[in-house]
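Read the structure below first, then the notes.
The values are calculated or read from the model by the stated rules, or taken from the named source; none is laboratory data. All of these numbers come straight from a predicted model, not from anything done at the bench. Here the Cβ is made from the backbone with ideal geometry for all residues, glycine too, and neighbour counts use every protein chain on show. Just the protein is used for accessible areas: all its heavy atoms, side chains included, with ligands, DNA and RNA removed. Shrake-Rupley method; radii C 1.70, N 1.55, O 1.52, S 1.80 Å.
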Amino acid sequence: REQLGKLASKLVASLPDLTALARTRVGGGGVDTLMAGGASQCDAACDAIAKYVARKVVYYELGSAFLTQLYLPSPLDPASRLAPLLTRLNPTLAAIVRGVALAAWSKQALLAVLGTFSLALTAVLEAPNRRYAPAHRTVLLQDVQRLADFFMDGGLLDEQVVAGSVSPLRALVEASCAA
C-alpha cells in the first residue's frame, strides 16, 4: 500500500497544471482541452499503475519461484509446473478485479499482469540453465494452455486477447523442445 501511495503521489506530481491547461484554447474552448487533457493524463496514470502492479506481482512476489522452482529439476515434475505459481497469483487477480472501480482499468491491469507473466515465462524458457527435450513438449504446452485458461476464467479477459498474448509462448515451446 505504501508503495502504491508513493507511486500515486509521483504520478499526481507529474500531471500538468490544470489552470494552465484550462487557459489553452484549442478548437473552441479551454474546457474541452481540459477534459481531453485530464482524461489522457488519467489514462496514462492508470496505465503506469497497471504496469507497476504487474511488475511488482510477477517479479517481486513470484520472481523467486520463477527462478528457483519453475521447471526445475524437470518440467515433468508436477511440483515444478506452472500450476503452483498460478495458485499464488489467484488472490492478487481477485483483489484487482474487486478493488478497481472501472472494468476497463481492471482489464488493463489484468492484461498487464498477463503480459508480464508471459515475459517472465519466456525468460525461463530461454534461460541457459534450463534444458528441454521433445518429451517436455506436451507438459509445457499444457502449462501455456493453463495460463490462457487462468486469465479467461470467469471472463477475466477476452479469449482472443489471451490467445494473442500466449501464442508466442506456444511457438517458443515448440522451438525449445525441438530435437
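Side notes on the structure shown:
- Extending 7 Å from the Cα toward the beta-carbon at both Ala123 and Ala171 defines two label points whose distance is 2.1 nm.
- Virtual paramagnetic centre 7 Å along Cα→Cβ of Leu72, amide N under 19 Å, in the stretch 136-179: 140
- Dipole axis of the stretch 46-127 (+1 Lys, Arg; -1 Asp, Glu on Cβ), positive-most option in Leu62, Gly99, Ala83: Gly99
- Note on Ala178 and Gln145: the extension gain reaches 10.0 nm, defined as 0.36 nm multiplied by sequence separation minus the Cα-Cα distance.
- A 1.4 Å probe, protein heavy atoms only, puts the accessible area of Arg170 near 80 Å².
- Area accessible to solvent at Lys107, 1.4 Å probe radius, in Å²: 80
- What the stretch 40-171 shows is 51 Å² of accessible area per residue, with the surface traced by a 1.4 Å probe over protein heavy atoms.
- On the stretch 91-179, 60 percent of the accessible area sits on carbon and sulfur atoms, based on a 1.4 Å probe.
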